[in-house]
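As structure tokens, the structure follows; a few thoughts come after it.
The values are calculated or read from the model by the stated rules, or taken from the named source; none is laboratory data. Since the structure is predicted, the reported quantities are computational estimates derived from the model, not experimental observations. Methodologically, a virtual Cβ is constructed for each residue, glycine included, from the backbone with ideal geometry; neighbour enumeration extends over all protein chains shown. Surface areas here come from the heavy atoms of the whole protein model, side chains and all, with no ligands, DNA or RNA. Shrake-Rupley method; radii C 1.70, N 1.55, O 1.52, S 1.80 Å.
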Amino acid sequence: MSKSEQLKNLYELYEKMFFGREIVLGDGNADTRLILIGEAPGKDEVQQGKPFVGAAGKNLSEFLNKLGINREDIYITNVIKYRLSKVNPETNRVTNRPATKREIEDNREYLLKEINIIDPEYIVTLGNVPLRAICGSDVTIGELHGRLSRVEILGTEYDLFPLYHPASVIYNVRLKEVYYKDLENLKKIIE
Ligand code: URA
């Protein structure tokens with residue numbers, strides 16, 4: 001079965017499992033060397049039906065430019081493929097919220113199968129949620145960012161390169177320096 005057929009089957013199962021939610025599936029070139037994994041789509045992503053568009057997409061473009069990578073050449077997905085939101089009861093404003101451990105656990109098996117189907121050389125995780133979904137434990141990005149490790153996913157080994165989430169470095173100058181250094185490392189590795 002081709003990769004696109006396998007992905008279609010997997011995404012059909014996912015849509016059944018999380019029926020009733022506005023789902024944003026993975027997007028890009030399934031024959032890529034590199035899969036990029038975020039946490040969950042936000043409002044813009046749900047509106048446009050694509051991961052990392054809007055403000056998050058702007059961050060991502062800067063990130064990809066630094067690496068000299070075209071978005072069309074890689075595959076981009078999220079651990080959780082629907083928006084995690086909460087409503088402020090006073091203002092009725094809807095905002096994003098972090099994933100719970102349970103949500104990560106419920107989504108994990110789909111993510112691992114998705115990675116197996118794409119079968120990339122490199123897995124790049126953005127922030128703690130995808131890192132934990134893959135490592136299945138309480139590891140933190142602070143320990144593992146910016147260096148390569150090997151992970152086994154459903155019987156296959158991959159190179160994992162954890163990065164901070166680009167959105168988390170916007171207002172933190174020190175972290176931004178670390179993040180850019182990590183990007184330089186990743187660039188050397190994939191070149
Ligand atoms: N942040 C993510 O982690 N994923 C998206 O798709 C958008 C923002």
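General observations
- Of all residues in the stretch 30-43, those satisfying the criterion of being surrounded by 18 or more Cβ atoms within 10 Å (Cβ to Cβ) and either more than 9 Å from the ligand (Cβ to nearest atom) or over 15 Å from the mean Cα position of the chain (by Cα) (or both) are A30, T32, L34, I35, L36.
- Residues in the stretch 162-174 that are within 16 Å of the ligand (Cβ to nearest atom) and either assigned to a loop (DSSP other than H, G, I, E, B) or modelled with pLDDT of 90 or more (or both): P162, L163, Y164, H165, I170, Y171.
- Residue pairs whose Cβ atoms lie under 9 Å apart, sitting 6 or more positions apart in sequence or on different chains, and linking a residue in the stretch 120-143 that is among the acidic types (D, E) to a partner that is surrounded by fewer than 21 Cβ atoms within 10 Å (Cβ to Cβ), are E121/T32; E121/R33; E121/Y158; E121/D159; E121/I190.
- Residue match in the stretch 15-32 (condition: without any contact (Cβ under 8 Å) to a residue 40 or more places away in the chain and not in a loop (DSSP other than H, G, I, E, B)): yes
- Subset of the stretch 17-29 that is away from the ligand (no atom under 16 Å from the Cβ) and more than 22 Å from I123 (Cβ to Cβ) - its residue that is least open to solvent (accessible area, probe 1.4 Å): G20
- Of the residues making up the stretch 77-106, those that are farther than 13 Å from V129 by Cα, among the charged types (D, E, K, R) and within 13 Å of the ligand (Cβ to nearest atom) number 1.
- Across the stretch 80-100, the number of residues qualifying as in a loop (DSSP other than H, G, I, E, B), farther than 17 Å from L126 by Cα and either open to solvent by less than 60 Å² (accessible area, probe 1.4 Å) or touching a helix residue (DSSP H, G or I) at 6+ places or on another chain (Cβ under 6 Å) (or both) comes to 0.
- Scan of the stretch 65-76 for residues that are touching a helix residue (DSSP H, G or I) at 6+ places or on another chain (Cβ under 6 Å) and either open to solvent by less than 30 Å² (accessible area, probe 1.4 Å) or on the phi > 0 side of the Ramachandran plot (or both), ordered by number: L67, Y75
- Condition broken by S61, with the remaining ones in (1) out of contact with any helix residue (DSSP H, G or I) (no Cβ under 7 Å at 6 or more places or on another chain); (2) polar (S, T, N, Q); (3) closer than 21 Å to K113 by Cα satisfied: (3)
- Residue match in the stretch 48-57 (condition: within 8 Å of the ligand (Cβ to nearest atom), touching a Leu at 6+ places or on another chain (Cβ under 9 Å), free of Cβ contacts under 8 Å to residues at least 40 places away in the same chain and within 19 Å of R97 (Cβ to Cβ)): yes
- Residue under evaluation L183, criteria (1) in a helix (DSSP H, G or I); (2) closer than 30 Å to K16 by Cβ; (3) not polar (S, T, N, Q), criterion not met: (2)
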